[in-house]
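Written out below as structure tokens is the structure these notes cover.
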Amino acid sequence: MTEPVTTFEPLAHSARDGATEQSYRDHVENVFREASRFARAAAAWSPKWCGSFVAAVERAAAYHDLGKLDELFQEILRHNRKNRHGFNHVEAGAAHLLRLKQFEAAFTVYAHHIGLPSFPKEKAKLANGENLVFRDTDELDGLGQAAWQRTDDLLESYLQQHHQLFAPAAPAANSHFSGLVRRLALSCLVDADHSDTARHYRNEGEVSAPDLRAGERLARLDEYMTGLAVKNPPANGREEQRMKLRQDVYRACREREVKSDERMLACDSPVGTGKTTAVMAHLLRAAAERKLRRLFVVLPFTNIIDQSVAVYRRALRLPDESEAQMGSVVAAHHHRVDFADYESRCLAARWDSPIVVTTAVQFFETLAAHDTASLRKFHQVPGSAIFVDEAHAAVPPALWPQMLRWLRELCEDWGCQLVLASGTLPRFWNRPGFLQEGEQCEIPDLIKPEVRAATMAFEEKRVSICSKARAMSMKRLGDFVQNKPGPRLVIFNTVQSAAVFADYLRETCKRGADVEHISTALTPRDRSRTVTRVRERLTTNEAGWTLVATSCVEAGVDFSFRTAFRESWGLVNLLQIAGRASRSGEYDDAAVWDFRHDADNGLSLHPQAKLSRRILEQLFAECAGKNRQPGPDDCTEALQREIRQDHGEKVSRMEEIAQAEKDADYPQVAKLCRIIDAATRTVVVEPGLIQRLENPDRSQWPGWRELMLGSVQLWVGKERELALPELSGWPGVFRWNLEYDSFLGYMAGVLPLLKAGKVGFEPL
């Protein structure tokens, strides 16, 4: 079966949205050039993969749209018709490359629309004597033949047309890529393909990223740190000691030699010792000496990104840069963020800025991703410094072994430099049961032992770690909290408990102002206002008040209370809260209390905390026997016990992830490596925003950032339980139709339902 070669100029894209047609020649040329550029920029950092990697990406780019030369597809493009036959244009390029035994290039072509496939499912296509790996086995509607049969029949016709426009790509030596390398290859092709298409349809413009200029920014950071010491002189001897320790930590990191055989380092200096700037200093030095491309700062929580970005933009701004330009230098990338300008938005979403501040969810789920949208930006990572701050909270423990394998591969094979930092860093990489048999991973300390010992000694004197092991009723808990010196911080494991207890304290207090409340029940806008008010109150001598919150203030927030209370979970969580008490040693009697409650009067228990609570209780008992309090050095033991005592669930998941990656079952890897498992709904609470969203005039619609600032997130299904209406024209976005206030947030509407027994509600 043969079809005549088309007499029309072959197309890659049809005319639409005011844009003209794009020729096949132009699109393939553009994609080849861009994909080659991306691949060469990444491979420059990988002596191991450079030749085979670039060759695979270039061959994939050359043939990625080969199937579009089919007359069926050309008819679709010329006349803007629907693909009524279900013809898949992707597999022709894959089929050609497989015939040439260019397996990895074929794999990349096959994946460039559907994402990385499951090899076990592809191997199942070997049945019945047919080799249909990377082939479309669906029957073409109305044509009475399978897609692969049409492709095979017409492949030479496609190649004849293609080679009239482009010289044949010579076969290259075939290499077997790892899963990470396949993700990088797909990233190069997808970004090139999407970028050219978007530019053609004027959805994206050309954006140029500024240079890192690491050496200059390091010098600027030095100046910034010196200025801080001058502007904020210590008020007493304890603050003076803390300042000296911060300076020692900064100097230790700043001056740490950048060794070629130390691409991965750990920094577990206690909370409040300046790790954020100290680690940045070391990585800027490493970037300057090794001429790295960019620097990633990975944070566990969205709510601390803006705070960190503000510090970095202020501390790293060079004399020839304006404040506005810093949006492109230090880019914040997190879920549905809307940036001040198009350039910053583009650079952030594609990880093209010299410094990218992003969430652990964004970064680590990209390492595990199989879909094209997530992987588009991944090729920017080789040749980068990576700073995982608050690493203890970055990913669930069961995910760390595989994440560590990918991080190590990036460091060893792709030129990256990594620092894992936390005030409570479990050293999971050298503990039995975490890595598979035969695997080894040594991560040296960034800070010298004597500096770390000094910070730990100060930490032991700074705050007392106490336990109230017996569960308390609401009243007893309220009395217990209010009888301790303030200002006070109380952290609960659930949004519901925090709201219930805050409401209880407000009712029992003489003045409502005695209580503040922060949780995800509040919109980001209201949380920000509350955080500002809390910071202001902490600067006064006011003592008789309490902040009730969830773990959203557990890490990265620079609060300093006299007494803190943490609903029992794990040791890491308790010690993190200790970082929000007497942060600079300003209180002689600062204490942090681990507590439990009876789950009465609306207080709820988090089901995932049970094992960690039990282990924490064991550690308190053992430390008491040794006449000491639990500290950061006990975190590794706590994690080890949690792995051992969880009935094999975490170990099983670790093994399942490792096996799925080994089997190249990429959709399963992505599924198993989800950091946030539960899906959520966006619920708009601000009436003004709701009005604008329902306005038929699109010019009145808010951007995503404004929308998110006035919205909350609920677990999927809760919108039905609460009978929340979906906003017209906004699928998946709902309107809050219960009471909401700036103190309790959406819990102001839920608490009456809880008290009336109308809902069994545990919100996000």
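What order do you get for S584, S422, S699 when you list them from fewest to most C-beta neighbours inside 10 Å?
S699, S584, S422
About the Cα centre of the stretch 592-634, what is the dipole size in debye to 20, counting +1 per Lys and Arg Cβ and -1 per Asp and Glu Cβ, all else neutral?
With Lys and Arg at +1 and Asp and Glu at -1, about 80 debye.
Non-local amide H neighbours of V297 (under 5 Å, H modeled in plane, Pro and chain starts lacking H): which ones?
Distant-sequence amide H within range of V297: V356, V357, T358, F387.
Net charge near N236, counting Lys/Arg +1 and Asp/Glu -1 over other residues with Cβ under 12 Å of its Cβ?
-2
With 25 Å as the cut-off, how large is the P(r) tail for the stretch 1-128, expressed as percent of Cα-Cα pairs?
Summing the P(r) of the stretch 1-128 above 25 Å gives 34 percent of all pairs.
Amide H of T546: which non-local residues (sequence gap of 5 or more, or other chain) have their own amide H closer than 5 Å, using H built in the peptide plane?
Result for T546 returns R488, V515, E516.
Report ³J(HN,Hα) in whole Hz for each residue of the stretch 32-45, in order, from the Karplus equation J = 6.51 cos²θ - 1.76 cosθ + 1.60 where θ = phi - 60°; Gly and Pro get x.
Values, residue by residue: 4, 4, 5, 4, 4, 4, 4, 5, 5, 5, 6, 5, 4, 9 Hz.
Calculated from the structure, Cα extents along the principal axes in Å equals which of [x] 111, 72, 53; [y] 89, 60, 56; [z] 130, 72, 57?
Only one listed value fits the structure, namely [y].
Are there trypsin sites (Lys or Arg not before Pro) in the stretch 6-114 that DSSP marks as loop and that have at most 16 other Cβ atoms within 10 Å, and which are they?
K48, R81, K82, R84, K101
Evaluate the relative contact order of the chain (contact order divided by residue number), counting alpha-carbon pairs under 8 angstrom at least 6 apart; express in whole percent.
The normalised contact order for the chain reaches 13 percent.
Quick one: which residues, 5+ away or cross-chain, put their amide H under 5 Å from the amide H of T680? H built at 1.01 Å from N.
Long-range HN contacts for T680: V716.
Which peptide among 685-695, 214-224 comes first, and what is the full order, when sorted by highest mean count of other Cβ atoms within 10 Å?
Peptide ranking by packing, descending: 214-224, 685-695.
Could I have the simple spin-label model distance between S652 and A679, label points 7 Å from Cα toward Cβ, reported in nm to one decimal?
The modelled label-to-label distance comes out at 2.5 nm.
Restrict the search to the stretch 225-299; then list the trypsin sites (Lys or Arg not before Pro) that DSSP places in a loop and that have at most 10 other Cβ atoms within 10 Å of their Cβ.
Sites meeting the loop and neighbour criteria: K259.
Fewest first, what order do T494, T151 take by the number of other Cβ atoms within 10 Å?
T494, T151
At 222 nm, what helix-only mean residue ellipticity would the chain give, in deg cm²/dmol to the nearest 500, using -39500 (n - 2.57) for each DSSP H run of four or more?
Taken over the chain, the calculation gives -14000 deg cm²/dmol.
Work out how much length D600 to R202 would gain on full extension: take 0.36 nm times their residue separation and subtract the Cα-Cα distance, in nm to one decimal.
Gain in length upon complete extension: 137.5 nm.
With θ set to phi - 60° and the Karplus curve 6.51 cos²θ - 1.76 cosθ + 1.60, what are the ³J(HN,Hα) couplings of the stretch 109-126 in order, to the nearest whole Hz, using x for Gly and Pro?
Once θ is set to phi - 60°, the couplings for the stretch 109-126 become 4, 4, 8, 6, 10, 8, x, 4, x, 8, 4, x, 6, 5, 5, 5, 6, 6 Hz.
When the Karplus curve 6.51 cos²θ - 1.76 cosθ + 1.60 is applied with θ = phi - 60°, which whole-Hz ³J(HN,Hα) does each residue of the stretch 520-533 get, with x for Gly and Pro?
Rounded to whole hertz, the list is 6, 5, 8, 5, x, 5, 6, 4, 4, 5, 5, 4, 4, 5.
Counting other beta carbons within 10 Å of each Cβ, put Y504, Y201, Y746, Y158 in order, fewest first.
Y201, Y504, Y158, Y746
Quick check: the angle from helix 237-255's long axis to the longest principal axis of the chain, C-alpha only, nearest 10 degrees?
Once rounded, the angle reads 20 degrees.
Defining a contact as two alpha carbons under 8 Å apart and six or more residues distant in sequence, what relative contact order in percent does the stretch 680-755 show?
34
By how many nm would the segment from A349 to A453 grow when fully extended, if each residue of separation counts as 0.36 nm and the alpha-carbon distance is taken off?
Here the answer is 33.4 nm.
A short reminder: the numbers here are calculations on the coordinates, not readings from a lab. Since we're looking at a predicted model, the values are computed, not measured. Every residue, glycine as well, gets a Cβ built from its backbone with ideal geometry; the counts of neighbours run over all protein chains shown.
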